[in-house]
Amino acid sequence: MTFHYKNTPINYNIFGKGPAIVLLHGFLESATMWEPLIPQFATNRTVIAIDFPGHGKSDVITEIHTMELMAQVVDEIVKHLQITSATFLGHSMGGYVALAYAELFSEKVEKLILLNSSPVADSEARKTNRNRALKVIEKSPKAYISMAISNLIAESSREEFIAEIEALKLEAYTFPVEGIKAAIKGMRDRKDRTEILKNLTKDKYVILAEEDPILPFLEVKQLAEKCGASVKIIAGGHMSVIENTEAIANYLRLTV
């Protein structure tokens, strides 16, 4: 389905009936990443899976897609669907957006689930890497996308999931370069939301993977626990929805 946010087409899909859960994908992903999990929810829930601006089938809004902007897009869709509260599940960048949503619209959050994500801002080294990525993608978008997606999967699992990796790449190749750059800038410039997670009084969960090549899972685990979140550690890398679907599904059945 298509929702127009300030004249920009934003794609989303909706499944099932019941209490709402909003699924927020990560960088270089789309709503299709949730396909292994949607059947787990749709039997007794309304499931909304959104393509962020510049990803999937959604168009680019502006030069920088801040986490706040993307949270506002999510909220406009939620209001359009007449949903007053929901569980928000965000993977990686989607977790950053979920935290921005919790800051802006906390009254609409029933539960918050961060998957392979963290409330901290980028370090200076990470910001430097983001700026380097902006230059690389300008010159060689396919090479950048291929490298970035391969790096999401634990090295020990890359051969096992080669078909899934290729499918992710083929889809991401269709995303507008300006949309990818807008997301990189938004992640680079995002603020630290550790206090937002700490002060959120709703049920909050953080799911982390032992071999995540992107996040230092032990550091994030300790931080999440200090913020009062329930923490689940599973096997796999950053794309745990692909690498360990069953563990994710089993845990979510207990929490959602």
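The values are calculated or read from the model by the stated rules, or taken from the named source; none is laboratory data. Just so it is clear, the model here is predicted, and its values are computed rather than measured. Please note: Cβ atoms are built from the backbone with ideal geometry, for glycine as well, and neighbour counts cover all protein chains shown.
Structure notes:
- Taken over region 223-251, the criterion of being under 17 Å from Glu160 (Cβ atoms) and outside any loop (DSSP other than H, G, I, E, B) is satisfied by Ile234, Ser240, Val241, Ile242, Glu243, Thr245, Glu246, Ala247, Ile248.
- Qualifying residue in region 10-29 (condition: in contact with a Pro (Cβ under 8 Å, 6 or more places away or on another chain) and touching a residue at least 24 places away in the same chain (Cβ under 8 Å)): yes
- Meets criteria (under 27 Å from Glu219 (Cβ atoms), surrounded by 18 or more Cβ atoms within 10 Å (Cβ to Cβ), touching a helix residue (DSSP H, G or I) at 6+ places or on another chain (Cβ under 6 Å) and β-branched (Val, Ile, Thr)) for Thr87: no
- Top-ranked residue of region 135-180 - restricted to ones that are polar (S, T, N, Q) and out of contact with any Lys or Arg (no Cβ under 8 Å at 6 or more places or on another chain), ranked as farthest from Ile242 (Cα to Cα): Ser140
- Residues of region 14-46 classified as within 23 Å of Ile145 (Cβ to Cβ) and buried (at least 18 other Cβ atoms within 10 Å of the Cβ), total: 11
- Residue satisfying all of: in region 154-212; in a loop (DSSP other than H, G, I, E, B) and of a type in the set (Ser, Thr, Tyr); farthest from the chain's Cα centre (by Cα) among these: Thr201
- Selected residue (only one of Phe88, Phe52, Phe41 is assigned to a helix (DSSP H, G or I) and either under 15 Å from Tyr12 (Cα atoms) or over 17 Å from the mean Cα position of the chain (by Cα) (or both)): Phe41
- Total residues in region 184-229, condition surrounded by fewer than 21 Cβ atoms within 10 Å (Cβ to Cβ), in contact with a helix residue (DSSP H, G or I) (Cβ under 8 Å, 6 or more places away or on another chain), over 17 Å from Val109 (Cβ atoms) and β-branched (Val, Ile, Thr): 0
- If you filter region 140-163 down to residues that are of a type in the set (D, E, K, R) and modelled with pLDDT under 95, you find that the one that is surrounded by the fewest Cβ atoms within 10 Å (Cβ to Cβ) is Glu159.
- Residue pairs meeting the criteria (Cβ under 8 Å; at least 6 apart or on separate chains; first without any contact (Cβ under 8 Å) to a residue 24 or more places away in the chain and closer than 19 Å to Asn129 by Cβ, in region 142-165; second surrounded by 20 or more Cβ atoms within 10 Å (Cβ to Cβ) and of a type in the set (A, V, I, L, M, F, W, C)): Ser150/Ile165
- Residue check for Val97: of a type in the set (Val, Ile, Thr), in contact (Cβ under 8 Å) with a residue 24 or more places away in the chain and in contact with a strand residue (DSSP E or B) (Cβ under 9 Å, 6 or more places away or on another chain): yes
- Subset of region 110-125 [surrounded by fewer than 22 Cβ atoms within 10 Å (Cβ to Cβ) and touching a residue at least 60 places away in the same chain (Cβ under 8 Å)]: Glu110, Lys111, Val120, Ala121, Asp122
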